[in-house]
1. Would you point out which residue out of Pro30, Pro74 is of a type outside the set (Val, Ile, Thr) and more than 15 Å from Leu9 (Cα to Cα)?
2. Go through (1) part of a helix (DSSP H, G or I); (2) hydroxyl-bearing (Ser, Thr, Tyr); (3) modelled with pLDDT under 95 one by one and return the number of the condition Tyr66 breaks.
3. Could you grab the pairs with beta carbons closer than 9 Å, sequence gap of 6+ or different chains, first residue in segment 116-131 and in a helix (DSSP H, G or I), second one surrounded by fewer than 10 Cβ atoms within 10 Å (Cβ to Cβ) and modelled with pLDDT under 80?
4. Do we find a residue being exposed (fewer than 15 other Cβ atoms within 10 Å of the Cβ), assigned to a helix (DSSP H, G or I) and within 21 Å of the chain's Cα centre (by Cα) anywhere in segment 26-39?
5. Quick check on segment 41-59. Is at least one of its residues modelled with pLDDT of 90 or more, of a type in the set (Ser, Thr, Tyr) and either more than 24 Å from Gly159 (Cβ to Cβ) or out of contact with any helix residue (DSSP H, G or I) (no Cβ under 9 Å at 6 or more places or on another chain) (or both)?
6. For segment 83-93, check the following and say yes or no: at least one residue is at pLDDT below 80 and under 17 Å from the mean Cα position of the chain (by Cα).
7. Out of (1) in a helix (DSSP H, G or I); (2) in the same structural domain as Lys6 (by TED's automatic domain parsing), what's the single condition that is false for Val78?
Amino acid sequence: MKGDIKTTLLGMGFSDKEAQIYIYLGKRGPQKGGTIAKQLKINKGQVYRTLKALQKNGSVESTLEYPARFIAVPLQNVIDAFIKLKRQEVDLIEEIKKELVNDWNKIRQIEVDSSFEKFSVIEGEKKVFHKISQMIKEAKKELLTIVSVNALLKADHYGIFEDLSDHPMKNRLKFRFLTQLTNNYLKPIQMILKKIEPELDFKGKDP
């Protein structure tokens, strides 16, 4: 369960250290910065910088005493705030979508041949997984990827495996994910396999 929470937090934009400290505070209750640094074996300066970032995004609060203790905001509140923010962003884009498309059509003079081979550089986790989802839906023969185990875990969070299992041609398509698996990641991978095996033929190969 802890792994699921951390994966969700990472998907919400938390850094690895932010997620680690937030989960620690949720488990241990109010803690001083020095105690957090000692227990998690993280540099004290980095702990306080991370706590400041967590306070800024509304997931951690501090007491008025000195030295202050830090408290994790309930996860439900953090998720609700994240959902509200994302809905506001989507609503804003929906409002200006038609105007933007019209402006784009006015300045676009040449239709690009879709048969051209293209290379794209995409930055930002959400944009990357959105593109992967799009590629899965558009795949007609195969989709081959080289990916880390961490990325596979995040792919599960972003619904990539649901996209694979929902593909109308999944029985005729080849989806291959090449990754380097270590003992540390056996349990998370087993969790993913248990979830997707009824729908997808997921096999491992020792090089």
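1. Values: Pro74 fails: more than 15 Å from Leu9 (Cα to Cα).
Exactly one residue qualifies, and that residue is Pro30.
2. Evaluating Tyr66 over (1) part of a helix (DSSP H, G or I); (2) hydroxyl-bearing (Ser, Thr, Tyr); (3) modelled with pLDDT under 95 leaves (1) as the failure.
3. From segment 116-131, the pairs are Lys131/Ser120.
4. no
5. Yes, there is a match, as at least one residue in segment 41-59 is modelled with pLDDT of 90 or more, of a type in the set (Ser, Thr, Tyr) and either more than 24 Å from Gly159 (Cβ to Cβ) or out of contact with any helix residue (DSSP H, G or I) (no Cβ under 9 Å at 6 or more places or on another chain) (or both).
6. Taking segment 83-93 and keeping what is at pLDDT below 80, we get none.
No, because not a single residue in segment 83-93 is at pLDDT below 80 and under 17 Å from the mean Cα position of the chain (by Cα).
7. (2)
A quick yes/no check of all residues on (1) over 23 Å from the mean Cα position of the chain (by Cα); (2) in the same structural domain as Leu9 (by TED's automatic domain parsing); (3) modelled with pLDDT of 75 or more; (4) not hydrophobic (A, V, I, L, M, F, W, C):
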{"site": "Phe116", "(1), (2), (3), (4)": "yes, no, no, no"}
{"site": "Ile132", "(1), (2), (3), (4)": "no, no, yes, no"}
{"site": "Met135", "(1), (2), (3), (4)": "no, no, yes, no"}
{"site": "Val147", "(1), (2), (3), (4)": "no, no, yes, no"}
{"site": "Phe161", "(1), (2), (3), (4)": "no, no, yes, no"}
{"site": "Arg172", "(1), (2), (3), (4)": "yes, no, yes, yes"}
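The values are calculated or read from the model by the stated rules, or taken from the named source; none is laboratory data. Bear in mind the structure is a predicted one, so any value in this text is a computation, not a measurement. Because the Cβ atoms are built from the backbone with ideal geometry, glycine has one as well, and the counts that use them run over all protein chains shown.
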